[in-house]
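Data first, discussion second: the structure below is written as structure tokens.
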Amino acid sequence: MKTKYPEKKFEDEEELFGQIDDDLAAGEEEIGKYKEREGKLAGIVGKDPRAAQFLSDMANGKDPWIAVLERLGIDGVTDLINNPEKQEEYAEANRKYVERIAKEKSLGEEYEANLASSMKLLEQMQSERGLSDEQIDGAMDFIMKMVNEAIMGKFTPETIDMALKAINHDAEVEAARAEGEVAGKNAKIDEKLRETKAGDGLPAMAGSNNGPSQRRSRGSLVDYAESIGIKV
């Protein structure tokens, strides 16, 4: 086990037997895949024994089409092509071939046109934002990684986390902006309250010519809050 996993120390039995259990499970899964593939090949050969020789020729590095001619000859191949029972199937197969080739050509041309436009966009963004070549390359590598994963149907936690951050970015920015506005308004209210307390000064002295002092009226907290845009 240490030879197979040199990076592991296997300091206790739990780690050792845990790895053995994982290896056994992986081996059983791999055997299941082998049996599935063998079953499919057996089915192909069972339907047409000539397929076995075709596959054998390919496995041995022999041109399978040459092997077909050696076994059937030109006349045999011609007879297969002209088989009246297969004409509709041949026509349908040829139609699919032509459509596939046309689609591949169209996609190739569209890809080249889009790529040229995308490269100009990358150059423009790099210039406007002052990005380095390494940053641009890193962004493109990440995009290609996501595309390849999507094509293969394989998604990693890292990719999913990045996608979640991307789709939640605008909402998080808006929430932060709203929190900043509230914090700013609260700060103004606190500042106004401090000014109010600091402006009380000394109490007026009562004298023979002085009546009771009248405290200067100040706006209420509610009035002030509404004056700076907070609806109460």
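If you go through segment 84-107 one residue at a time, do you hit one that is acidic (Asp, Glu) and closer than 30 Å to Ile143 by Cα? Before the answer, list the steps.
Our first condition is that a residue be acidic (Asp, Glu); within segment 84-107, this holds for 85, 88-89, 92, 99, 104.
Subsequent filtering for residues that are closer than 30 Å to Ile143 by Cα retains 99, 104.
Checking segment 84-107: at least one residue is acidic (Asp, Glu) and closer than 30 Å to Ile143 by Cα.
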(message) I'd like the residue in segment 1-47 that is in contact with a helix residue (DSSP H, G or I) (Cβ under 9 Å, 6 or more places away or on another chain) and either small (Gly, Ala, Ser) or loosely packed, with under 11 Cβ neighbours inside 10 Å (or both) and, out of all such residues, is nearest to Val68 (Cα to Cα).
(response) Lys4
(message) Within segment 48-57, does at least one residue satisfy the condition of being at pLDDT 85 or above and among the small types (Gly, Ala, Ser)?
(response) no
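The values are calculated or read from the model by the stated rules, or taken from the named source; none is laboratory data. Source: prediction; values computed, not measured. For neighbour counting, all protein chains shown are included, and Cβ atoms are generated from backbone atoms with ideal geometry for every residue, glycine included.
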